[in-house]
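Undergrad: First the structure, then my questions, so here it is.
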Amino acid sequence: MHLADLIERYQEALLQKYAGRLLPEQRRAIAAILRCRTSAAGEILWQCNDCNHSLLNPRPCGHRSCPRCQNHEVTQWLARQRRKLLPVEYFMVTFTLPAELRTLTWRHQKKVYDLLMAAAAGILKTFALNDDQLSGEIGMTSVLHSHSRRLDYHPHCHIVIPGGAVNRSRRQWKKVKGKYLFNGQALAKVFRARMLQALQEAGLPVPDTPIKWIVQCQSVGRGQPALEYLSKYLYRGVISEKQILTDRNGEVTFRYIESKSGNPKTRTLPGADFLWLVLQHVLPKGFRRVRDYGFLHGNAKRLLQLVQMTLKVVIDSFKAQEKPVLPCPRCTAPLQFVQAFRPGWLSG
């Protein structure tokens, strides 16, 4: 079931109930999803060199909130990360804002999201430098999520870390021993202090928060399987269209996996409420949801090469994944791109 079909069906009810809360970014997302892979998004002309057959395909919208455009992002991320892959244990650290800060975060999304990602990365850098086992610079890939598995508003940040650190001055690599990186409770204490300080310095009204915050640090395995597992977290859309099960009597039912038990669950909501549940997770325009730090940063290629040389990684084995080819419907030979047309080119 396509999200665009549900938007067409329940858009009027959505506007009646949530028009006062819809932000410009959310309205742009609605427009993009509705035109995705239709002539309203423009068209692409393909040509077969074998049989001269021509084909016009509607263009995808490319919006990061569109569930039909997420697979390409996952493929691209995996291709980039394969070239950075290290033969070490990988870890994922999750920093979660407490429920008491959700209203403040919603009202100041870009500012608080930036502070959250900066605080989380800074804390991990500090822990790595002060750790007896590492005493160096780590590499990290950070991604912001604003939703729980039930799609409720639940801002948190996942950070993926290869298990080791590099000392620039000594040109030395130190590997994490075992499947333990940092203590989650110790991370949480520092996270609470730094985040509250950052909010106050930003001039935001900070409500009372619990003494104990939550930071989880877990091992997620090695190599390619770890990357594929992590790609679900890093570029997973808010909801896959496969998760949308039914649309009956004005209510939409979707499936999700409960985090504690790992069992599949379902949730049913009126159509307008379901759309709002999805649209509230559209990120602010221009916000970078995924960020690299340390020796995984784009400007640290030489440092990454030093790490790979130290670990005897065969660089040539990491080749960029080829783009999928579109077969000709007549002779199955690969179609060649000819030209992209803007919306309304025929009438113009």
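Undergrad: Within the range 298-348, take every residue that is open to solvent by 80 Å² or more (accessible area, probe 1.4 Å), modelled with pLDDT of 75 or more and assigned to a loop (DSSP other than H, G, I, E, B) and give me the one that is nearest to residue 35 (Cα to Cα).
TA: 342
Undergrad: Within the group 170, 150, which residue is open to solvent by 30 Å² or more (accessible area, probe 1.4 Å) and either farther than 30 Å from residue 313 by Cβ or not in a loop (DSSP other than H, G, I, E, B) (or both)?
TA: 150
Undergrad: Has the range 46-59 got any residue that is at pLDDT 95 or above, of a type in the set (Ser, Thr, Tyr) and open to solvent by 20 Å² or more (accessible area, probe 1.4 Å)?
TA: Scanning the range 46-59, I find no residue that is at pLDDT 95 or above, of a type in the set (Ser, Thr, Tyr) and open to solvent by 20 Å² or more (accessible area, probe 1.4 Å), so the answer is no.
Undergrad: Sticking with this one: Taking the range 91-112 as the region of interest, how many residues are within 25 Å of residue 219 (Cα to Cα) and under 20 Å from the mean Cα position of the chain (by Cα)?
TA: 7
Undergrad: Residue 14 - would you say it is touching a helix residue (DSSP H, G or I) at 6+ places or on another chain (Cβ under 8 Å), in a loop (DSSP other than H, G, I, E, B) and not aromatic (Phe, Trp, Tyr)?
TA: no
Undergrad: Determine whether the range 102-114 contains at least one residue that is open to solvent by less than 10 Å² (accessible area, probe 1.4 Å), more than 23 Å from residue 81 (Cβ to Cβ) and either outside any strand (DSSP E or B) or at pLDDT below 95 (or both).
TA: Yes, the range 102-114 contains a residue that is open to solvent by less than 10 Å² (accessible area, probe 1.4 Å), more than 23 Å from residue 81 (Cβ to Cβ) and either outside any strand (DSSP E or B) or at pLDDT below 95 (or both).
Undergrad: Hey, another quick one. Checking residue 251 against (1) free of Cβ contacts under 8 Å to residues at least 60 places away in the same chain; (2) out of contact with any Gly (no Cβ under 8 Å at 6 or more places or on another chain); (3) under 30 Å from residue 9 (Cβ atoms); (4) open to solvent by 30 Å² or more (accessible area, probe 1.4 Å): exactly one of these is not met. Which one?
TA: (2)
Undergrad: Is it the case that some residue within the range 206-227 is touching a Lys or Arg at 6+ places or on another chain (Cβ under 6 Å), closer than 17 Å to residue 94 by Cα, open to solvent by 20 Å² or more (accessible area, probe 1.4 Å) and not in a loop (DSSP other than H, G, I, E, B)?
TA: yes
Undergrad: Of everything in the range 6-38, what is open to solvent by less than 50 Å² (accessible area, probe 1.4 Å), over 24 Å from residue 249 (Cβ atoms) and in contact (Cβ under 8 Å) with a residue 60 or more places away in the chain? Give them in sequence order.
TA: Matches in the range 6-38: 22, 25, 26, 29.
Undergrad: Which of the residues belonging to the range 186-205 are within 15 Å of residue 126 (Cα to Cα) and either touching a helix residue (DSSP H, G or I) at 6+ places or on another chain (Cβ under 8 Å) or surrounded by fewer than 17 Cβ atoms within 10 Å (Cβ to Cβ) (or both)?
TA: 186, 187, 189, 190, 191, 193, 194, 195 - these are the residues of the range 186-205 that are within 15 Å of residue 126 (Cα to Cα) and either touching a helix residue (DSSP H, G or I) at 6+ places or on another chain (Cβ under 8 Å) or surrounded by fewer than 17 Cβ atoms within 10 Å (Cβ to Cβ) (or both).
Undergrad: Got a number for residues in the range 63-97 being open to solvent by 20 Å² or more (accessible area, probe 1.4 Å) and in a loop (DSSP other than H, G, I, E, B)?
TA: Of the residues in that region, 7 qualify.
The values are calculated or read from the model by the stated rules, or taken from the named source; none is laboratory data. Nothing here was measured: the structure is a model prediction, and the numbers come from that model. We place every Cβ from the backbone using ideal geometry, glycine too, and count neighbours over all the protein chains shown. Calculation scope for accessible area: heavy atoms of the full protein, side chains included, ligands and nucleic acids excluded. Shrake-Rupley method; radii C 1.70, N 1.55, O 1.52, S 1.80 Å.
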